[in-house]
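Notes to accompany the following structure.
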Amino acid sequence: MVEQNLLLLLVLTPFVSAALAATMPIGARNAEAWIAGLTMIVALVILAVLYPAVTDGGIITGTFRWVSSIGLDLTFRIDGFSWLFMVLVAGIGFLVILYARYYMAPEDPVPRLYSCLLAFSGAMSGLLLSGNIIMLVVFWELTSLVSFLLIGYWFQRQDARDGARMALIVTASGGLGLMVAMILIGQIAGSYDLDRVLAAGPLITSHRLYPVILLLFLFGAFTKSAQFPFHFWLPNAMAAPTPVSSYLHSATMVKAGVFVLLRFHPALGGTQEWFQLVTGVGLTTLLLAAVVALFRHDLKGLLAYSTISHLGLITTLAGIGSPFALVAAVFHIVNHAVFKASLFMAAGIIDHETGTRDMRRLSGLARAMPVTATLAIIASAAMAGVPLLNGFLSKEMFFEALYVWNNGSPLDNLAPYVAVVAAAFSAAYSLRFIVTVFFGPPATDLPHEPHEPPLLMRLPVAVLVAICLAVGILPQQVLGPWLQTASLAVVGPDMPHFSLKVWHGVTPALLMSLIAMGLGALLYLLPRRLIDSGEDGTRLMRRLDFGRGFDWLLQLFTLRVPRLALRVLSASGLQTQLRAMVLLGLAASWFAVGRLDWNVPMPRIGASELVFALLWLVGGACALGAAWQAKYHRFAALVLMGGAGLVTCATFVWLSAPDLAVTQLLVEIATTVLLLLGLRWLPKRDEEIAGDKNFAARSRRFRDFLIALACGTGMTALALAVLLTRPGASVGDWFLRNAYVEGGGTNVVNVILVDFRAFDTFGEITVLAIVGLTVYALLRRFRPAPESVERPRPQLDAEEQALEAYLFVPSVLMQWMFAPIIALSSYLFMRGHDLPGGGFAAGVTLAVGLLLQYVAANVRWVEARLTVLPVRWMGTGLMIAMAVGSGAWIFGYPFLSAHAQYIDVPVIGKVPFSTAMLFDLGVFSLVVGAIVLMLIAIAHQSLRVAPRQRPAETPADTPEETV
């Protein structure tokens, strides 16, 4: 149980820390850095505690029930492979956080950076530790969303916005393909549990849908790890701050694709289709990116294409799929993360201290920055595969895996030659990085005078370079046991014997390495003019930039195709488009009505039914009157609409649905008041049309009346058919029998909302929060044009004064009603589990009380006496609902499981209590916040529209201050 809780902490702690870091003020860089750093240290400590349990193929699993009926449980598992990956995420994450503390400027919004880095760490941890393949995809997409925020951190820059958008579109699209693949895999394997899926490999690979599953799966993996032809998004993501690039593109984001390739190799690998696709794409990416990297002039651009090339190397090993190749892949994942993180940080130091990353302007930095130059040279040599460094060992294993593997295919025969050529280009761009930047005459046109950075900014690079040296010199002692543990989790019982030694004698792999380094030196020396010319490479390099193809597709599907569809399908005006939608719905409903069997006995019509029909005649008259009065008097139309709503409330009471009646009445009041505040925004009425002098207008209204009549008749027929043809027993009977036994309440409707269907309610209040924020965001910048808004005419000032005097008494009464409304809201909330009421009704009631204060008095008078922070109300409501739902996990129950019992209260005695009441409290808080937030936006806009009520000193952004 302790180990399961530790797994949960590994995932949840970064998210909690991210929320805490986001609340820190800008400028207090140390506080959020301490929060982020301690979070990574806690993760490393937990991993150290868990390590003994994952050695020798051990697996730790913790399951938290979610929706067990369909196989969706929140399962976390850790084995040697995910443990080693988590060490990279937490270890390099700690170093990146320390580096970012000194890299970022004091004026940058650093809390947002640390918050997003921590959230990304949590998303990556969830991906690595997911034991349910559907939850794995959820965390997969979460990494795409958070990386979008990180890449677009400097959103004021066009390249940052473009790079973030490109990364999100590409990787999120791949995530959708991965989701479909996982659903199909789960259906074939009979479970979404990762262990059962991995054990069902023969069943999956022999299934007729295997080719489709493989293509969808690889689409997700290739987009995330920037494999050809989806490689173009990674260089464009270099607009992110260097700490972000170092973290996302060394140990986390891009490694997620190769992680799932190795993780799902037992389930999907070992086939000819797997070998051809994965190895082919890997080799293509390996060579293509290495060639392009040689011609890049931007330091981070060179490192980006280098990352793509090394990811292609790992993908090639995953495609080969032999036990030794899988071990080599795991080994190179670790080595690449170490030297690439250090190189990105070194590039950031160079940019930070010189003001440029352009290699054509950099030269001779070894004199001004000797320590940084030494560290960067060692890391670059590791990237090139120089002996006595970690990159040499894993690249030699890569060559050996290619040389030993032989399945007789042309691709297999070609692979060693492609690998040597790609390694030669890798050595060439590493050599160019070293010689161009650090040697030669000192640069004279740099924006800043170069000098060494602070010690703690350079310390993360030094630690990573020391690891490169330690692994390169003493590989078995430093990394051997960890690599053995991680590889065993990937390979399984076929684990091969491998030896981590610097010298294995003169082997084909060694010869291939030496040839590659010699060719790399020649490649760097021979075409210097070709490399250094042009804006960013030769014509060939520009043709290999698939980002242009992405931009063309983006314009095609976001501009050209929509415009064509708009010309073909659109109609002028919103009303015409809505009319087309209504007619389509009408056709569908009448089609359904025509297929119903109407051979059912009609109900007996008595006196009560006649009274009910009379009630609805009144409601229908109110509806028709509202439509008629809309031409002349909008306020009268609003009153008649309220009358139709009251008839609906009476109908719910008639049909023994008091909960619905209370909710309908309260919502009717709230919407009426909100509409009253917004009536003055509507454009001026056309007097000619309002006077029925325009024949076209009268024809249009008559046509709309016929459409409305047909729609209403069709919906009535459908409702009547459902009522007359439903079976004798329904799901409602089950709720009636079990509401008190299972939910501890006698109000069946409320028990359904906060217990049986609480997950639906949680989703609905989340949507309500989004709607409230959206309405406020739209209205806060809305400025209605004076000529387009109805304003009282000057000659009506006397009438207005008389109206104000007439309404004085109702205004005072509305202010006096505030306290009784609060008491009524509390009463409705407390009785909601057993009698009509509940959190939603109570929340609307309290919101109505606040609405009435805005109607009865001046906006500023109200806000000077009432402090309402609706966003906090909404956030508190969501947090309460989530906390109550998650609390069930502590006791081993599914999310949102409720518990009811009687508790002893002093003096009062035993009273019923249910955890669902706490969930209802969250609903109450969010409903109040959402309605009041929309109210504040509308009220302040109404204040802006009426200059006579607006003081001259009123600031332009008052709603933001209120919220």
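Can you order the peptides 754-760, 450-456, 215-221 by their average number of other Cβ atoms within 10 Å per residue, highest first?
Ranked by mean Cβ neighbours within 10 Å, highest first: 215-221, 754-760, 450-456.
Assuming R0 = 30 Å, what is the FRET efficiency of E742 and A819, from their Cβ-Cβ distance, to the nearest 0.05?
The calculated FRET efficiency here is 0.20.
Within segment 652-668, whose backbone N sits under 18 Å from a point 7 Å along Cα→Cβ of Y827?
Hits in segment 652-668 for Y827 at 18 Å: 658-667.
Determine ³J(HN,Hα), in whole Hz, for all residues of segment 824-829 in sequence, where each value follows from phi through the Karplus function 6.51 cos²θ - 1.76 cosθ + 1.60 and θ = phi - 60°; x replaces Gly and Pro.
Karplus-based 3J(HN,Hα) across segment 824-829 equals 5, 4, 4, 4, 5, 5 Hz.
Can you give me the long-range amide H partners of T75? Hydrogens built in the peptide plane at 1.01 Å from N, cutoff under 5 Å, separation of 5 or more residues or another chain.
Under 5 Å from the amide H of T75 lie the amide H atoms of F64, G131, N132, each far enough along the sequence or on another chain.
What is the spin-label model distance, in nm, from Q272 to R698 if the labels are put 7 Å beyond Cα along the C-beta direction?
The two pseudo-label positions are separated by 7.9 nm.
May I ask you to compute the full-extension gain from Y417 to D195, defined as 0.36 nm times their residue separation minus their alpha-carbon distance, rounded to one decimal in nm?
The span from Y417 to D195 would gain 76.2 nm if fully extended.
Between L511 and D358, what length comes free when the chain is fully extended (0.36 nm per residue of separation minus the Cα-Cα distance, one decimal in nm)?
51.6 nm
Suppose a student asked you for the relative contact order of segment 611-683, using Cα pairs under 8 Å spaced at least 6 residues apart; what percent would you report?
25
Below 13 angstrom from the Cβ of L261, what's the summed charge of the other residues (Lys, Arg +1; Asp, Glu -1)?
Working: positive: K224, K255, R263; negative: none.
Local charge sum for L261: +3.
I want to check the label-to-label distance for R208 and A883. Put each point 7 Å from Cα in the C-beta direction and report it in nm to one decimal.
5.4
Which net charge results when you count Lys and Arg as +1 and Asp and Glu as -1 among the other residues whose beta-carbon is under 15 Å from that of E449?
Net charge around E449: -2.
Please sort 392-404, 45-57 by packing, taking for each peptide the average over its residues of neighbouring beta carbons within 10 angstrom, highest first.
392-404, 45-57
Convert each backbone phi in segment 487-501 into a coupling constant with the Karplus relation 6.51 cos²θ - 1.76 cosθ + 1.60 (shift: θ = phi - 60°), then list the ³J(HN,Hα) values in order as whole Hz, x for Gly and Pro.
5, 4, 5, 8, 7, x, x, 8, 4, x, 7, 9, 10, 8, 9
HN-Hα J couplings of segment 870-878 from phi, Karplus 6.51/-1.76/1.60, θ = phi - 60°, integer Hz, Gly and Pro as x?
Those phi angles translate into x, 4, 5, 4, 5, x, 5, x, 5 Hz.
I need to check one value: relative contact order of segment 272-546, counting alpha carbon pairs closer than 8 Å and at least 6 residues apart, in percent.
27
How high is the relative contact order of segment 246-403, in percent, counting Cα pairs under 8 Å that sit 6 or more residues apart?
Over segment 246-403, the number comes to 25 percent.
Which net charge results when you count Lys and Arg as +1 and Asp and Glu as -1 among the other residues whose beta-carbon is under 13 Å from that of L303?
+3
No lab work stands behind these numbers, since they all come straight from the coordinates. Remember, it's a predicted structure, so these values are computed and weren't measured experimentally. For neighbour counting, all protein chains shown are included, and Cβ atoms are generated from backbone atoms with ideal geometry for every residue, glycine included.
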